[in-house]
Amino acid sequence: MTSKKTGMPARKSASKARSSRAAARTKVPQEYVLKLYVAGVDRKSTDAIRVITGLCDEYLQGRYKLAIVDIYQQPMLARGEQIIAAPTLIRKLPLPLKRLVGNMADLDKVMVGLDLRPML
Amino acid sequence: MPRAQSPRVKLQGIRKCPTGIRGLDEITEGGLPRGRATLVCGGAGCGKTLLAMEFIARGILDLGEPGVFVSFEEPIGDLTANVMSLGIDLRDLSRRGLLAMDEVQIERSEIQATGEYDLEGLFVRLGGAIDEVKAKRVVLDTIDSLFDGLPNEAILRAELRRMFRWLKAKGVTTIVTAEQGERSLTRHGLEEYVSDCVIQLDHRVRNQIATRRLRVIKYRGSKHRTNEYPTMINNKGLSVLPISSLGLSYPVSKARISTGIRRLDAMLGGRGYYRGSSILVSGSAGTGKTSFAAAFADSVCRGGQKCLYLSFEESPEQLLRNMASIGFDLKRWTTRGLLQFRSQRVTMYGLENHLANLHLWVEEFSPSTVVMDPVTSLVGEGLSDEVEAMLTRTIDYLKGRGITAFFTTLPKGGVQHEGSEVSISSLIDTWLHLRTFESGGERTRGLVVIKSRGMAHSNQVREFLLTDTGVKLRDPYVGSGQVLMGSAREVQEAEDQDRAREAKQAFERRQHDLEGERQKLEAQIKAMRLELKNLTEEIKAASGTERLRTTRRSQERRQLQISRKAD
């Protein structure tokens with residue numbers, strides 16, 4: 001439930017956020033708005049949730065909003081967000097928008113998709 | 001044993017789901033397989049989306065079956081606007097809860113594959129839409145986009161297979177559209193999954209004229225027609241034109257319609273053409289085919305019947321003017337609504353459009369007679385097969401409705417021969433051939449009835465004139481074993497008269513001579529008779545004297561004897 005609330009306002013301010021923070025991108029750590037759409041509690045869903053929450057905790061501590069949506073529970077959101085495949089992680093911020101499709105098993109690709117670099 | 005047989009008895013063949021698209025249900029013998037998926041494939045712009053959309057819209061409007069349309073390519077707004085021109089208001093249908101539309105957008109550049117996935121997102125959306133309107137029909141248009149957008153084809157294929165199974169389980173009748181592949185039916189081999197029924201659409205261009213075709217490639221569990229059928233898209237949507245929808249079992253009429261030319265009626269057993277028959281008037285340029293057509297149209301309208309006149313060469317105004325000049329006032333019929341002209345250039349559409357237009361007009365106007373002048377304009381180079389097929393269908397269609405069909409044809413290259421350019425002659429009931437005769441420095445028009453089924457007809461070659469008061473047939477000239485026309489005929493007739501007069505005079509003269517002879521002879525006979533009479537009398541007189549003399553001599557001898565006292 002909380003996830004839904006955090007998701008919507010973040011989307012509205014997306015364009016504003018881009019212009020105001022573009023300059024500061026190099027210094028200030030980027031803020032992340034993520035939405036993970038899963039279908040029920042099957043293996044792929046749980047895998048994806050585990051990987052994403054793990055990455056967020058590790059790399060984006062304090063600067064991310066993650067919403068997890070079960071499309072079975074909220075089918076209208078699947079339509080509105082153009083979800084076809086599950087699981088799908090939508091990276092709403094930072095722009096550009098990205099959709100990560102799959103159970104997030106390919107960690108390298110997930111890292112690239114989220115613009116994360118391993119900490120040195 | 002009987003138990004093993006029972007399931008077989010229960011099978012009743014597959015149930016059909018009518019599409020509501022003109023002609024398609026006839027070809028598929030009732031519609032698409034109900035509760036299964038049908039693949040509609042074809043290249044760009046061949047009408048896949050329209051077919052699918054009509055399936056949904058007709059289902060809702062005509063058959064009371066709600067539908068779901070999932071568009072992978074076109075935005076819903078565009079689709080709505082597109083079909084609005086066909087008189088289908090999708091927004092209204094959605095408002096009434098009979099139609100659910102979903103637009104699936106896939107942006108390849110946004111997507112990053114990270115492992116295994118499934119299509120639950122699509123399933124959820126589709127399922128939601130189906131439940132929302134209690135849909136019986138589903139369209140997925142065009143599913144190829146999924147292949148362009150989603151990674152890992154193996155997963156996608158497995159998921160699609162699962163989706164079709166799922167749709168089948170839901171009991172909805174589905175149309176899936178797909179792009180044509182280069183060597184296969186579809187670019188991504190979808191026929192592998194959707195294999196119950198496959199329909200191929202085609203849009204080809206020959207001689208710069210585009211023709212649409214439709215073919216049912218496969219239909220599991222049902223018989224269907226396998227030919228390619230011309231298809232057209234007009235303001236009423238898509239229609240498929242099955243060639244032999246009627247066969248040869250149409251009712252026939254014994255009623256007759258005048259040809260509009262009095263003496264031509266006489267040539268055709270005295271009463272003209274049969275109602276509902278097909279009439280062909282062939283002849284090279286300028287032989288008066290259109291005049292015959294106009295005469296017939298005039299006659300039909302005079303009888304209070306409606307006539308549809310399709311002209312491929314002249315505009316209605318031009319026709320009206322030209323026909324007025326030979327005494328056919330067709331304008332009064334057009335104003336009374338009995339006569340309708342439709343002029344269109346042949347090159348304007350493909351053949352199937354012409355045919356479909358004909359269907360449309362016939363349905364709108366319901367005429368008793370259709371005139372097509374001339375059908376040979378439809379023949380492009382090397383297309384005569386198609387024209388023949390088209391005319392066969394036209395005649396079939398018109399005959400099936402009891403409509404009299406009147407065609408004119410023009411032999412190619414102006415060659416005068418009795419074969420008609422389009423070999424539809426065997427379909428024709430009454431065939432008149434017009435030709436010109438050139439002799440003595442002039443051209444005259446002649447007419448012959450080549451055939452006329454079911455009536456005694458004249459075998460004479462007749463000359464006819466286009467006069468101020470219509471088409472006039474002249475008496476046949478039947479002298480000296482040849483046909484003469486025009487002034488040659490006049491000359492011949494004058495000559496004949498002279499000759500007759502001369503012969504008469506000669507006869508009279510001879511009679512006179514003979515009479516003289518006879519009289520002479522008679523006079524001779526008279527004279528000879530007189531002579532004979534004289535002779536006879538002379539003979540008589542002579543014999544009298546002789547007897548007298550003999551008697552006298554015997555008397556004298558007796559007296560002598562007496563005097564000599566002899567004994």
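Of the residues making up region A:84-120, just one is of a type in the set (K, R), facing chain B (nearest Cβ under 7 Å) and over 13 Å from the mean Cα position of the chain (by Cα), namely A:K109. Can you find, within region A:66-83, the residue that is nearest to B:A129 (Cα to Cα) among those that are surrounded by 18 or more Cβ atoms within 10 Å (Cβ to Cβ) and more than 7 Å from every other protein chain (Cβ to nearest Cβ)? Per the stated criteria, the residue is A:L77. Tell me which residues, restricted to region B:149-162, are over 16 Å from B:V176 (Cα atoms) and assigned to a helix (DSSP H, G or I). Passing the criteria: B:G149, B:E153, B:A154, B:I155, B:A158.
Scanning region B:304-330 for residues that are part of a helix (DSSP H, G or I) and over 23 Å from B:T404 (Cα atoms) turns up B:E317, B:Q318, B:R321, B:N322, B:A324, B:S325.
Restricting attention to region B:140-151, the residues that are more than 10 Å from chain A (Cβ to nearest Cβ) and either in contact with a Gly (Cβ under 8 Å, 6 or more places away or on another chain) or without any contact (Cβ under 8 Å) to a residue 60 or more places away in the chain (or both) add up to 2. Does at least one position in region B:129-139 carry a residue that is over 23 Å from B:G42 (Cα atoms), in contact (Cβ under 8 Å) with a residue 12 or more places away in the chain and part of a strand (DSSP E or B)? The answer is no, given that none of the residues of region B:129-139 is over 23 Å from B:G42 (Cα atoms), in contact (Cβ under 8 Å) with a residue 12 or more places away in the chain and part of a strand (DSSP E or B).
Say whether the condition of being within 14 Å of another protein chain (Cβ to nearest Cβ), among the small types (G, A, S) and surrounded by fewer than 20 Cβ atoms within 10 Å (Cβ to Cβ) is met by at least one residue in region B:96-118. Scanning region B:96-118 turns up at least one residue that is within 14 Å of another protein chain (Cβ to nearest Cβ), among the small types (G, A, S) and surrounded by fewer than 20 Cβ atoms within 10 Å (Cβ to Cβ).
Contact annotation: no residue pair with Cβ atoms under 9 Å, 6 or more positions apart or on different chains, pairs a residue in region B:62-80 that is under 20 Å from B:V133 (Cα atoms) and not assigned by TED's automatic domain parsing to the domain that holds B:G45 with a partner that is modelled with pLDDT under 90 and assigned to a strand (DSSP E or B). Take B:A178 and decide whether it is more than 8 Å from chain A (Cβ to nearest Cβ) and either among the hydrophobic types (A, V, I, L, M, F, W, C) or without any contact (Cβ under 8 Å) to a residue 12 or more places away in the chain (or both). So B:A178 fits the description; yes. Is it the case that some residue within region B:341-352 is part of a loop (DSSP other than H, G, I, E, B) and buried (at least 19 other Cβ atoms within 10 Å of the Cβ)? Yes, region B:341-352 contains a residue that is part of a loop (DSSP other than H, G, I, E, B) and buried (at least 19 other Cβ atoms within 10 Å of the Cβ).
The values are calculated or read from the model by the stated rules, or taken from the named source; none is laboratory data. Only a predicted model underlies this, so the values are computations on that prediction, with no experimental measurement involved. In this analysis, Cβ positions are derived from the backbone assuming ideal geometry, glycine residues included, and neighbour counts consider all displayed protein chains.
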